[in-house]
1. Out of all the residues in segment 188-212, which are surrounded by 17 or more Cβ atoms within 10 Å (Cβ to Cβ) and part of a helix (DSSP H, G or I)?
2. Which members of segment 104-145 meet the condition of being over 20 Å from the mean Cα position of the chain (by Cα) and farther than 19 Å from PHE216 by Cα?
3. For segment 55-96, which positions are part of a helix (DSSP H, G or I) and farther than 30 Å from TYR120 by Cα?
4. Scan segment 137-151 and report the pairs whose first residue is over 16 Å from LEU274 (Cα atoms) and free of Cβ contacts under 8 Å to residues at least 40 places away in the same chain and whose second residue is acidic (Asp, Glu) and not in a helix (DSSP H, G or I), with Cβ atoms within less than 8 Å and a gap of 6+ or a chain change.
5. Evaluate the following for ASP215: is it surrounded by fewer than 18 Cβ atoms within 10 Å (Cβ to Cβ), touching a Lys or Arg at 6+ places or on another chain (Cβ under 8 Å) and of a type outside the set (Phe, Trp, Tyr)?
6. Can you give me the number of residues within segment 284-317 that are in a loop (DSSP other than H, G, I, E, B), under 22 Å from the mean Cα position of the chain (by Cα) and either loosely packed, with under 12 Cβ neighbours inside 10 Å or at pLDDT below 95 (or both)?
7. Within segment 42-55, can you find the residues that are touching a Phe, Trp or Tyr at 6+ places or on another chain (Cβ under 9 Å) and farther than 16 Å from ASN25 by Cα?
Amino acid sequence: MIIVTGGAGFIGSNIIRALNLRGENNILLVDHLVNGRKMHNIADLNIADYIDKTEFIERIDTPGFLDGVQAVFHQGACSATTEWDGQFVMKNNYDYSKRILHRCIEKNISFIYASSASVYGSGEQGFSVDRRCEQPINMYAYSKFQFDQYVRRLLPITTSPIVGFRYFNVYGPREQHKGSMSSTAFHFNRQVTEDKVAKLFAGYDGMANGEHRRDFVYVDDVVDVNLWFFDHPEQRGIFNVGTGKAETFNAVAEAVIAWHKEGSIEYIPFPEHLKGAYQSYTQADLSDLRRAGYEKEFLSVNQGVERYLDWLNSSIR
């Protein structure tokens, strides 16, 4: 059996889809379906069982509960970068993760988990998987950073397959439930469809209008990395998962407008609540990923947005 936490979420549901395409249906999906609309992410997927995350964490210490499990893809987390309830974030993103990690180590189960590029903060020191580059600037980022630190202390003293992925700006199918946290490609598509205008942030932090740059990575590429490491349990550690190329928000909006063959760009004032807690530039250093043996190239914004909008605007999901 394979366990996917956050399995009804964005990346988790796409991992399950990819496992299904491999013929793997013996999957335990763990989630917390307070937002029942997430069921649209999993209605077309095949799983063996579902369990709420609260019950899962209560049962994880039960003898025999994890018997026969090959791997845990731990994608579940509080992913809101605007959440400042530190106790809530640490409970969900740190304490919860530690308990699962230790049970996996005891059983020698592959533990493949989601970290985040947000740990790099403003990115002034670069985007290498190196403590000197890590300066989280919001509570979500700190929780991910601190769990990475915990993993780093355990890696030298265990041989269990443990892999963490610092996701950069992921976009693609099955993210619509995320609301304001959905990708800019998702929001631009809706805006152009409804009003023929994509709304971007005006200049801030030394960047011109719409010229803030992020490493936008398509979800299929993220899933492919996850499954490659699942197939190569000898590779352990923490890795960046992005394209290795920063592209502007203008480029994303232009790709959306090009797909629709209509629309324009409007710049809106940079939100006050994001000042000082916003990454104006990110670009993954893929050196460690390539050294581990992952060779596949990643889709560009133009390629990924075209593929995404083909799916997003189709009448059949």
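1. PHE188, ASN189, GLN191, VAL192
2. CYS104, ILE105, GLU106, LYS107, ASN108, ILE109, GLN125, ARG131, ARG132
3. GLU55, PHE56, GLU58, ARG59
4. Qualifying pairs under 8 Å: PHE145/GLU134.
5. No; evaluated as a whole, the condition is false for this residue.
6. Qualifying residue count, segment 284-317: 5.
7. Scanning segment 42-55 gives a single hit, LYS53.
Condition check ((1) outside the structural domain of TYR150 (by TED's automatic domain parsing); (2) of a type outside the set (A, V, I, L, M, F, W, C); (3) in contact with an Asp or Glu (Cβ under 6 Å, 6 or more places away or on another chain); (4) surrounded by 13 or more Cβ atoms within 10 Å (Cβ to Cβ)) across all residues:
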residue	(1), (2), (3), (4)
ILE60	no, no, no, yes
GLY64	no, yes, no, no
VAL72	no, no, no, yes
GLN75	no, yes, no, yes
TRP84	no, no, no, no
MET90	no, no, no, yes
TYR96	no, yes, no, yes
ILE100	no, no, no, yes
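The values are calculated or read from the model by the stated rules, or taken from the named source; none is laboratory data. Since we're looking at a predicted model, the values are computed, not measured. A quick note on method: Cβ atoms are made from the backbone with ideal geometry, for glycine too, and the neighbour counts reach across all protein chains shown.
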